[in-house]
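Have a look at the structure below before the remarks.
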Amino acid sequence: MSEVVYRRIRRSIILGEFPFGSSLSETELARKLAVSKTPVREALRRLAQEGLVVTTPHKGAVVASLTVEDLEEIYLMRSRLESLAARFAAERLTPEDAKALGAGVEALEVQTSAGDTGAIRQLNIRLHQLIWRASHTTRLTQVLMNLQDYVEMSRSALLWQPRGAEVLLEEHTSIVRAVLDRDPERAEQMIVRHIAHLLEVLRLDRRPGAGRGA
């Protein structure tokens, strides 16, 4: 039961159902999940150890916020690790990997044309994961999967920019094309450029007075 409660609360935080800084009441969570406070308390303790939750004596737990400095650290790590994964993917690509990546880009093209923001976001994540899988590096893939949680929490603002979805499609297509061409250097460069672009958009989105759709 404790593991189930932990995973459900964690998933809600990652998906943004509990926004940054929001209070996590043990009583309310226990009621919502139909459990006692004990597994909720244990889940919040584990989440605090992961840095997803901040607990304060006599005040309880809140969802941890990501500062600009946090984002820069996360995206620097992501750039270094994911560019390595892209290089390995280009070097170790199998026919099955190539088929999956090609299908992923085609699906992204369809949803970009349809303007389905939710589907676009999920397909963006899926394409990155397919590249990690194509790298055939178990430990590197696991580290990137763990880092993905924080990337999700940052809620990339690129989709809210003019032509944001189209830009994402262009960047992901360039990355996948480099991998399919078995060009490690270009694949690495395209990933670094893509992640640098995302970080720049996030920096702008976090400026005082900045807002989506502004």
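Things to note:
- Filtering Thr94, Thr38 for residues that are outside the structural domain of Asp181 (by TED's automatic domain parsing), of a type in the set (S, T, N, Q) and farther than 25 Å from Leu202 by Cα leaves a single hit, Thr38.
- Subset of the range 136-151 [without any contact (Cβ under 8 Å) to a residue 60 or more places away in the chain, over 12 Å from the mean Cα position of the chain (by Cα) and on the phi < 0 side of the Ramachandran plot]: Thr137, Thr138, Arg139, Leu140, Thr141, Gln142
- The residues on offer are Lys59, Lys32, and the sole one that is modelled with pLDDT of 90 or more and either under 30 Å from Val176 (Cα atoms) or outside the structural domain of Thr173 (by TED's automatic domain parsing) (or both) is Lys32.
- Once the range 105-126 is narrowed to residues that are modelled with pLDDT under 90 and not polar (S, T, N, Q), the residue that is farthest from the chain's Cα centre (by Cα) is Gly115.
- Helices (runs of 4 or more DSSP H) contained in the range 1-119 and holding at least 3 residues more than 30 Å from Ala187 (Cβ to Cβ) and without any contact (Cβ under 8 Å) to a residue 12 or more places away in the chain: 2-14, 26-33, 37-50
The values are calculated or read from the model by the stated rules, or taken from the named source; none is laboratory data. A quick note: this is a predicted structure, and the numbers were derived from the prediction, not measured. A quick note on method: Cβ atoms are made from the backbone with ideal geometry, for glycine too, and the neighbour counts reach across all protein chains shown.
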